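**Student:** One structure follows; several queries about it will come next.
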Amino acid sequence: MNKILRNCPYVKSEVLIRAFSTHRRPCLFSRYCCKPNTVVISAIVGMYLKCGRLETARRVFNSTGNKQDVELWNTILSTLTHYGYIIEAITMLYNMLRSGVKPNRTTFSVILNASSHSGLV
């Protein structure tokens, strides 16, 4: 499932989005009362960001119970910066620090790279 979600731009993205979304629920998993792991949540958030659905990705991320996983934060930060959402990524970094999650090497690499490419550094 993770590979399918990560390859969203290469398959019919609207088909995947319809499979994982409804108008009232941000994610298929909420319909079936499952609690997916961090890898699946990261893949879903990445899929929505890759397909240009920033608000839906944010809703899925915000609905995650455990936001203390730095890898989940790194996934959303790297995908945001990769697709040009630099200001949103910096805002997410600020929220990450406020929530008490300690950044790692990947976090700093993603933010520095994004800042450099956008002309902020």
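**Student:** Just to be sure, is ILE87 assigned to a helix (DSSP H, G or I), more than 23 Å from ASN37 (Cβ to Cβ) and without any contact (Cβ under 8 Å) to a residue 24 or more places away in the chain? Steps first, answer last, please.
**Tutor:** On the way: assigned to a helix (DSSP H, G or I): yes; more than 23 Å from ASN37 (Cβ to Cβ): yes; without any contact (Cβ under 8 Å) to a residue 24 or more places away in the chain: yes.
Yes: the conditions hold for ILE87.
**Student:** What is the number of the single condition among (1) surrounded by fewer than 16 Cβ atoms within 10 Å (Cβ to Cβ); (2) at pLDDT below 90 that SER99 does not meet?
**Tutor:** (2)
**Student:** Further, regarding this structure: Can you tell me which residue is nearest to GLU88 (Cα to Cα) among those in the stretch 98-113 that are part of a helix (DSSP H, G or I) and of a type in the set (Lys, Arg)? Step through it out loud before you land on a result.
**Tutor:** First, pick out the residues of the stretch 98-113 that are part of a helix (DSSP H, G or I): 98, 105-113.
From the residues that got through so far, the ones that are of a type in the set (Lys, Arg) too are 98, 105.
Values: ARG98: 15, ARG105: 20 Å.
The extreme case among them is ARG98.
**Student:** List every residue pair whose Cβ atoms lie under 6 Å apart, where the two residues are 6 or more positions apart in sequence or sit on different chains, the first residue falls within the stretch 58-69 and is of a type in the set (Val, Ile, Thr), and the second residue, located anywhere, is not in a helix (DSSP H, G or I).
**Tutor:** Going by the 6 Å Cβ cut-off, the qualifying pairs are VAL60/PRO26; VAL60/CYS27.
Listed here are the residues, each with its yes/no results for (1) modelled with pLDDT of 90 or more; (2) at positive phi; (3) in a helix (DSSP H, G or I).
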site	(1), (2), (3)
LEU16	no, no, yes
HIS23	no, no, no
SER30	no, no, yes
MET47	no, no, yes
ALA57	no, no, yes
THR64	no, no, no
LYS67	no, no, no
LEU77	yes, no, yes
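**Student:** Name the residues in the stretch 76-101 that are in contact with a helix residue (DSSP H, G or I) (Cβ under 7 Å, 6 or more places away or on another chain) and aromatic (Phe, Trp, Tyr), would you?
**Tutor:** TYR83, TYR85
The values are calculated or read from the model by the stated rules, or taken from the named source; none is laboratory data. Treat the numbers as computed from the prediction; the structure is a model and nothing was measured. Methodologically, a virtual Cβ is constructed for each residue, glycine included, from the backbone with ideal geometry; neighbour enumeration extends over all protein chains shown.
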